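Every number here is computed from the coordinates shown, using simple stated rules; none is lab data. The structure displayed is predicted, hence computed values, not measured ones. Heads up, the Cβs are rebuilt from the backbone with ideal geometry, glycines too, and the neighbour counts pull from every protein chain shown.
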Amino acid sequence: MSDFKNIFITGANRGIGIELVKESLSKNFSVIGTFRNKQKSEDLLNINTKQLKVFEMNVINETSIIRVSNNIKSSLDYLICNAGINNGFGNLFDNDHSHKKMLDVLNVNVIGCILTIKHLSKHLNANAKVILISSVLGAQEHNGSNATIYRASKAAVNNIMVSISEEFRDKKITVASFHPGWVRTDMGGSNATMSSKESAVALIKSFESLKFNNTGKFFNYDGTLMNF
Ligand code: NDP
């Protein structure tokens, strides 16, 4: 396998995203990383290497995605939909589940993935891999009453992953979703069990090992198969 791969990562300015950038660079990949807010992206913008290109892109602003897509010159081996939000872990009656906040979660986590893949797919290489960062919280069988809309959004991510895998089956493009582990980021919180570096190292290794016969499947960060 050639070391010189091109990888596109959304939400690349912090959390798991920036560690995916760093791990990819350490493997000599050429990286395109997107951020949505310059003020929150100092760490990404301070990475100084020709192997990294950065673009401002909001996954729920179709115009910004199209603009980025039109500015990409290289073809992509990996497209990673990592950007996501969780407006809280509250239950049905919590403010986290106001109509507006629920629409935000579905918008970014689900529609954001669809729009990103829709507009960047023209750059995918033959045998490219499209990865959607999902969550174990999206599993249908669970006993939690919290994070209702976030769970639903990640269940939807796994569902659209299957549809998109079928869309690209003829082109032999692999599409899969991954749970990144419980990771110490702004979203995962300080009690989480993994550092973002540990998660990113394991994820990139698993993305590299992914084969076309894995298309349409949901995996843990270490490459083991997960139930939807
Ligand atoms: P963070 O909250 O640390 O980072 C989220 C990233 O998504 C930021 O870069 C953020 O940008 C970006 N983002 C949010 N909304 C948009 C948008 N509209 N357009 C573009 N970028 C956006 O989260 P994590 O790093 O922890 O999470 C990364 C992914 O992993 C998410 O999809 C999350 O659901 C998933 N996940 C995380 C787990 C964990 O334990 N941490 C567990 C399971 C899944 P900005 O800085 O501008 O806000």
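Packing around the peptides 200-207, 92-99, taken as the average count of other Cβ atoms within 10 Å per residue, puts them in this order, highest first: 200-207, 92-99.
Sorted fewest first by neighbouring Cβ atoms within 10 angstrom, Phe35, Phe212, Phe89 come out as Phe212, Phe89, Phe35. Highest mean packing first, where packing is the average number of other Cβ atoms within 10 Å per residue, the peptides 147-153, 167-173 line up as 147-153, 167-173.
With a ≥ b ≥ c the root eigenvalues of the C-alpha gyration tensor of the chain, is it rounded (a/c under 1.5), prolate (a/b larger than b/c) or oblate? Judged from the Cα gyration tensor, the chain comes out rounded (a/c under 1.5). Among the trypsin sites (Lys or Arg not before Pro) in the range 35-67, those located in a DSSP loop and surrounded by at most 11 other Cβ atoms within 10 Å of their own Cβ are Lys50.
Between Ala126 and Asn70, the contour length at 0.36 nm per residue exceeds the alpha carbon distance by 18.2 nm. Between the amide H of Leu124 and those of Leu76, distances stay under 5 Å, these residues lying 5 or more places away or on another chain, with hydrogens modeled in the peptide plane. Using C-alpha pairs below 8 Å separated by at least 6 residues, the relative contact order for the chain is 19 percent. Applying the Kirkwood pairwise sum to the alpha-carbon positions of the range 23-63 produces a hydrodynamic radius of 11.1 angstrom. Per-peptide packing, taken as the mean over residues of other Cβ atoms within 10 Å, places 103-110, 27-34, 127-134 in the sequence 127-134, 27-34, 103-110 from highest down. Applied to the range 26-38, the Karplus parametrisation 6.51 cos²θ - 1.76 cosθ + 1.60 on θ = phi - 60° returns per-residue 3J(HN,Hα) values of 5, 9, 6, 6, 8, 10, 10, x, 10, 9, 10, 9, 3 Hz, with x for Gly and Pro.
Only beta bridges with both residues in the chain are counted; by DSSP, about 5 percent of them are antiparallel.
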